[in-house]
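J.: Have a look at the structure that comes next, please.
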Amino acid sequence: MRPPGGDGTRAVQLMTPQGRNMEFTDYLPLSLQAEGRGKFSDAPRISNHLLRAGIVVNRTDVERTLAFYRDKLGFAVADRDETRVELRVPGSRGDFLELVAGDPYPSREQFGNSQHATLEVSDVRKAYRTVQARDTAHQQKAKPELDATKAWHLNLYDPDGSRIELVESKASR
């Protein structure tokens with residue numbers, strides 16, 4: 001753990017099995033970072049909950065990566081098949097990290113669709129209208145859809161082609 005900042009904010013830095021730095025930060029309510037951002041930010045945001053993040057992992061690294069998240073960070077395996085491992089984040093919120101087994105050199109399109117973030121919203125159709133109003137270049141072509149579980153969702157793509165999925169909260173259904 002690095003020493004607290006002047007406002008008491010704490011952070012832990014770890015190295016992933018792939019050699020990337022990972023930092024978990026605990027912003028206190030009076031910290032500069034919390035003022036106007038994060039869980040204390042206001043109306044312009046579409047969501048205040050990152051429900052799931054999907055990261056692409058080389059097929060040969062899945063077991064080593066799984067061991068890191070499960071054995072060192074305490075994530076629990078919630079579901080698994082040949083191409084992905086869904087891990088429940090410790091705690092009561094029900095958040096997930098999805099490890100997506102990929103080829104060593106995926107195309108930008110494959111990578112962008114697999115490496116994704118899922119934001120929970122109370123009303124996908126309302127979020128869609130907000131996105132359309134803000135998308136003055138008309139780059140977002142997708143429309144809200146019902147998935148197999150009868151949940152509304154919407155797939156958006158950032159300029160690099162990475163997928164941002166909006167999904168309606170269970171409480172809203």
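J.: Using modelled backbone amide H atoms (1.01 Å from N, in-plane), which distant-in-sequence or interchain residues come within less than 5 Å of L119's amide H?
T.: L51, E165, L166, V167
J.: For the chain, set up a GNM with springs between Cα atoms under 10 Å and report which of F75, F96, F24 has the largest fluctuation.
T.: F24
J.: Right, here's the next one. Share of antiparallel DSSP beta bridges in the chain, in percent to the nearest 5? Kindly include the intermediate steps, with their values, before the conclusion.
T.: Details: 28 of 41 bridges.
Percentage antiparallel, nearest 5: 70.
J.: Quick one: how many lysine pairs in the chain have C-alpha atoms under 23 angstrom apart, if they're 8 or more apart or on different chains?
T.: Total qualifying Lys-Lys pairs in the chain comes to 9.
J.: Tell me whether the chain comes out rounded, prolate or oblate; compute the Cα gyration tensor, take square roots of the eigenvalues as a ≥ b ≥ c, and use a/c under 1.5 as the rounded threshold. Numbers along the way, then the final one.
T.: Working: a/c = 1.64, a/b = 1.10, b/c = 1.49.
Here the chain falls in the oblate category.
Read-outs throughout are calculated quantities, based only on the coordinates presented, and are distinct from any laboratory measurement. Note that the structure is a prediction, hence the values are computed from the model and not measured.
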